[in-house]
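Quick notes on the structure that follows.
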Amino acid sequence: MHGDDFLLKDTHGLELEIERHCVGLKLDSTDEYQVHQFIGEMLQNMERLKEAAGKGDRTARAKVELFGMVVLMHRANVKAFGPEYIANINVLAKQESAWVAFAKAMWSELESRNLDNE
């Protein structure tokens, strides 16, 4: 049980950091269009943004960190609830609303890119 308590605390901390990064980037996690634009930019330009972050670009660094936290949150939820948690993601929206917005946008973007490649 101790591990579950730690995981729950960890996801709350990640959600808080996701929200803080959104504020710093002036990104409204409740605005579906902004979130989709951010995810699209990250998937399209990740290497360029990582390089810019490595050279001291604070905005690029914040974007890369935010994207990384979204991925970490996904991994934590898979560990806690199993991969099928995605089917019930709206339940998590009450506790992890910012992350859920990014997760939905990421899956939508990845799905549309995969369909284009078939």
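Tabulated data
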read-out: Surface per residue (accessible, 1.4 Å probe) for the range 18-118, Å²; value: 64
read-out: Which listed pairs, of LYS26/LYS104; LYS26/LYS50; LYS55/LYS79, have C-alpha distances above 24 Å, in listed order; value: LYS55/LYS79
read-out: Cα gyration tensor category, rounded, prolate or oblate, for the range 21-64 with a/c compared to 1.5; value: oblate
read-out: Heavy-atom accessible area order for THR30, THR11, THR59, largest first, 1.4 Å probe; value: THR30, THR59, THR11
read-out: Rg [Å, one decimal], Dmax [Å, integer] - the range 42-85, C-alpha atoms; value: 13.1, 39
read-out: Most to least packed among 98-111, 33-46 [average Cβ atoms within 10 Å]; value: 98-111, 33-46
read-out: Ranked order, ILE86, ILE18 - accessible area, probe 1.4 Å, largest first; value: ILE86, ILE18
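The values are calculated or read from the model by the stated rules, or taken from the named source; none is laboratory data. Fair warning: this is a prediction, and the values are worked out from it, not measured in the lab. Using ideal geometry, Cβ is built from the backbone for each residue, glycine included, and neighbour counts are taken over all protein chains shown. Note: accessible area is taken over every heavy atom of the protein model, side chains too, but ligands, DNA and RNA are not part of it. Shrake-Rupley method; radii C 1.70, N 1.55, O 1.52, S 1.80 Å.
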